[in-house]
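The values are calculated or read from the model by the stated rules, or taken from the named source; none is laboratory data. What you are looking at is a predicted structure, and each value in this text was computed from that prediction instead of being measured. Note: ideal-geometry Cβ built from the backbone for every residue, glycine included; neighbour counts use all protein chains shown. To get the accessible areas, we keep the full protein, side chains included, count just its heavy atoms, and leave off ligands, DNA and RNA. Shrake-Rupley method; radii C 1.70, N 1.55, O 1.52, S 1.80 Å.
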Amino acid sequence: IPQQGGQPTWFRLDRATLALLWTVFNDIDAFITVPRQICKTMTSLAIISYFFYIGGQNINISMLAKDRKLITENTSRLKSIRECYPPYLIRLSPTDTDNKEGLSYDIFKNKFTTYVARMDEYGADNLGRGMSTPIQVWDEFGYFRNNHISYPAAVSATNAAVDSARAAGMPAFNILATTAAMLDTEEGAYAYSVLSDAMRFNERL
């Protein structure tokens with residue numbers, strides 16, 4: 001895993017990353033909330049990098065974030081993780097898309113597309129309805145404006161893509177990742193309601 005200003009380090013398996021790995025590798029949606037600098041986003045991106053560059057074929061992955069700066073950072077992080085792989089695992093081609101807001105890995109026909117929260121309700125609804133990817137990562141979900149509109153619409157819109165991916169033996173899951181948000185904001189309150197309705201992870205699973 002790439003480190004700021006230093007050499008790459010090994011992926012860290014702790015209770016939070018274990019829970020996230022177990023749930024998504026069993027095609028279960030996951031909501032992870034941990035303090036800042038505990039690598040929730042990097043863990044999500046490490047999982048995505050595996051399915052994007054190694055374990056997935058004909059798979060579309062969406063990354064949704066609260067603002068464009070976070071989208072650019074996450075795309076850069078995903079590419080940095082790729083650079084840490086042994087060279088023999090990666091087979092880039094001139095036809096691959098590689099920019100600040102999206103990537104493609106044409107040898108496996110995989111696509112990584114990014115989306116930014118919409119400030120208006122109409123745009124938020126269109127954002128959700130436009131989702132057609134079986135894997136979605138919502139970064140800083142508790143700060144994602146109009147998440148109460150975009151997220152339910154996105155879940156409904158991806159039913160066919162999820163069924164198709166699973167029928168082909170490919171993964172299908174959502175990751176909702178966030179630091180604790182303010183309950184007196186609409187997006188924070190909605191994120192907390194989703195979290196409160198979720199089953200808690202337990203190692204006995």
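Screening residue 99 with (1) at pLDDT below 95; (2) under 20 Å from residue 30 (Cα atoms); (3) open to solvent by 20 Å² or more (accessible area, probe 1.4 Å); (4) not small (Gly, Ala, Ser) gives one miss only, at (2).
Across segment 143-158, the qualifying residues are those that are buried (at least 20 other Cβ atoms within 10 Å of the Cβ) and over 14 Å from the mean Cα position of the chain (by Cα), and the one among them that is farthest from residue 183 (Cα to Cα) is 158. The residue pairs whose first member lies in segment 114-135 and is in a helix (DSSP H, G or I), whose second member is basic (Lys, Arg) and open to solvent by 70 Å² or more (accessible area, probe 1.4 Å), and whose beta carbons are closer than 8 Å, counting only pairs six or more residues apart or on different chains, are 124/118; 124/145; 126/118; 127/118.
Return yes when residue 153 is touching an Asp or Glu at 6+ places or on another chain (Cβ under 6 Å) and free of Cβ contacts under 8 Å to residues at least 60 places away in the same chain and no when it is not.
When the stated conditions are applied, residue 153 passes them.
Within segment 151-193, the set of residues being closer than 22 Å to residue 74 by Cα, assigned to a helix (DSSP H, G or I) and among the hydroxyl-bearing types (Ser, Thr, Tyr) comprises just one member, 151.
Scan segment 136-150 for residues that are in a loop (DSSP other than H, G, I, E, B) and out of contact with any strand residue (DSSP E or B) (no Cβ under 7 Å at 6 or more places or on another chain) and the total you get is 2. If you go through segment 82-96 and keep only what is loosely packed, with under 14 Cβ neighbours inside 10 Å and outside any loop (DSSP other than H, G, I, E, B), you end up with 83, 87, 88, 89.
Would you check if there is a residue in segment 194-204 being open to solvent by less than 20 Å² (accessible area, probe 1.4 Å) and either within 22 Å of residue 61 (Cα to Cα) or not in a loop (DSSP other than H, G, I, E, B) (or both)? Checked against the condition, which is being open to solvent by less than 20 Å² (accessible area, probe 1.4 Å) and either within 22 Å of residue 61 (Cα to Cα) or not in a loop (DSSP other than H, G, I, E, B) (or both), segment 194-204 yields no hits at all.
State whether one or more residues within segment 179-189 are farther than 14 Å from residue 60 by Cα, charged (D, E, K, R), modelled with pLDDT of 95 or more and touching a Gly at 6+ places or on another chain (Cβ under 9 Å). Checking segment 179-189: at least one residue is farther than 14 Å from residue 60 by Cα, charged (D, E, K, R), modelled with pLDDT of 95 or more and touching a Gly at 6+ places or on another chain (Cβ under 9 Å). Which residue pairs have Cβ atoms closer than 7 Å, lie 6 or more positions apart in sequence or on different chains, and pair a first residue in segment 69-98 that is farther than 16 Å from residue 56 by Cα with a second residue that is of a type in the set (Val, Ile, Thr) and open to solvent by 60 Å² or more (accessible area, probe 1.4 Å)? Pairs found: 93/107. No other residue among 132, 49, 44 is under 20 Å from residue 29 (Cα atoms), modelled with pLDDT under 95 and crowded, with 20+ Cβ neighbours inside 10 Å apart from 44.
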